[in-house]
1. How far, in nm, would the chain grow between N153 and D173 when pulled straight, counting 0.36 nm per residue and subtracting the alpha carbon separation?
2. Hey, which of these cross-link pairs are over 26 Å Cα-Cα: K77/K198; K38/K183; K77/K144; K144/K179; K38/K88; K30/K88?
3. Applying the Karplus parametrisation 6.51 cos²θ - 1.76 cosθ + 1.60 with θ = phi - 60° to the phi angles of the stretch 81-94, what ³J(HN,Hα) value in whole Hz is obtained for each residue in order, glycine and proline being reported as x?
4. Using helices alone, I'd like the mean residue ellipticity at 222 nm for the chain: each DSSP H run of four-plus residues gives -39500 (n - 2.57), total over residue count, nearest 500.
5. Arranged from highest to lowest average of other beta-carbon atoms within 10 Å per residue, in what order do the peptides 131-143, 159-171 appear?
6. How much accessible area per residue does the chain have, counting only protein heavy atoms and a probe of 1.4 Å, in square angstrom?
7. Quick one: plug the Kirkwood hydrodynamic radius of the chain (C-alpha pairs) into Stokes-Einstein at 20 °C, 1.002 mPa s, and report D in µm²/s.
8. Would you mind classifying the stretch 122-202 by shape? Square roots of the alpha carbon gyration tensor eigenvalues, ordered a ≥ b ≥ c; an a/c under 1.5 is rounded, otherwise it is prolate if a/b is larger than b/c and oblate if not.
Amino acid sequence: MKYRIPIKRCKVITYIGTPQIETNRLLLEKFVLSDAQKVFDHWISDERVTDNRVSAAHTDVSQTVERVAGIVSQYEKEDFCYWAVKLKDSGELIGEIDLYDFDEATGNCEVSYSLGYRWWNQGYGTEALRAVIEFGFRHMNLHKVAAAHNTDNPASGRIMSKVGMVQEGIVRDMIRNSKGQYKDCAIYGILEGEYFSKGDGF
């Protein structure tokens, strides 16, 4: 007797690049080369921001021009999801957010973000992260979105919690920053089922 054994298919991620996303106060859209000076001025030269990143603060705008050019050059790829975060009313560039490290076998990925210091503690990080998570689950067919933050930066963890992400553990000495300091990181995640069970009000 022959049996037909159903094949369990992998979750297929739907890649649609970096479309514009609009929220109540923000526009998330592609970077352009002319953004480089503001990226430099607003966050990537500021150690208050870059101490929470692996890469060192930029000391010359030419470094930022090269970095932004590298981002812009990848927008032709459908699996590249990297947004400039701008205030909708003024068009002011205040930060960046991206989905990355897509795993085709699981449908999982990670998210990271940075905001300029002037715009901390005003809810913009929460608003941007909520929008990108919604995009990932509703339009990309993702299974899980994960993120990490240095444990000495608890404000980032509060942003993750506010959008429904759950802390899953702490990894000791997970990263080493540009100053040679090892940092413990808290790992957060949200599953597709959790997102849809919470509804739009999470």
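1. Additional length available on full extension: 5.8 nm.
2. Pairs exceeding the cut-off: K77/K198; K38/K183; K144/K179.
3. 10, 9, 10, 7, 9, 10, 6, 5, 5, 10, x, 5, 7, 10
4. Using -39500 (n - 2.57) per qualifying helix, the result is -7000 deg cm²/dmol.
5. Values: 131-143: 19.1, 159-171: 16.8.
Going from most to least packed, we get 131-143, 159-171.
6. Per residue, the chain has 55 Å² of solvent-accessible surface.
7. Numbers: Rh = 17.9 Å.
D, rounded to a whole number, is 120 µm²/s.
8. Prolate.
The values are calculated or read from the model by the stated rules, or taken from the named source; none is laboratory data. Keep in mind that this is a model prediction, so the values were computed, not measured. Every residue, glycine among them, receives a Cβ derived from its backbone with ideal geometry; neighbour counts consider all protein chains shown. For accessibility, only protein heavy atoms count, side chains too; no ligands or nucleic acids. Shrake-Rupley method; radii C 1.70, N 1.55, O 1.52, S 1.80 Å.
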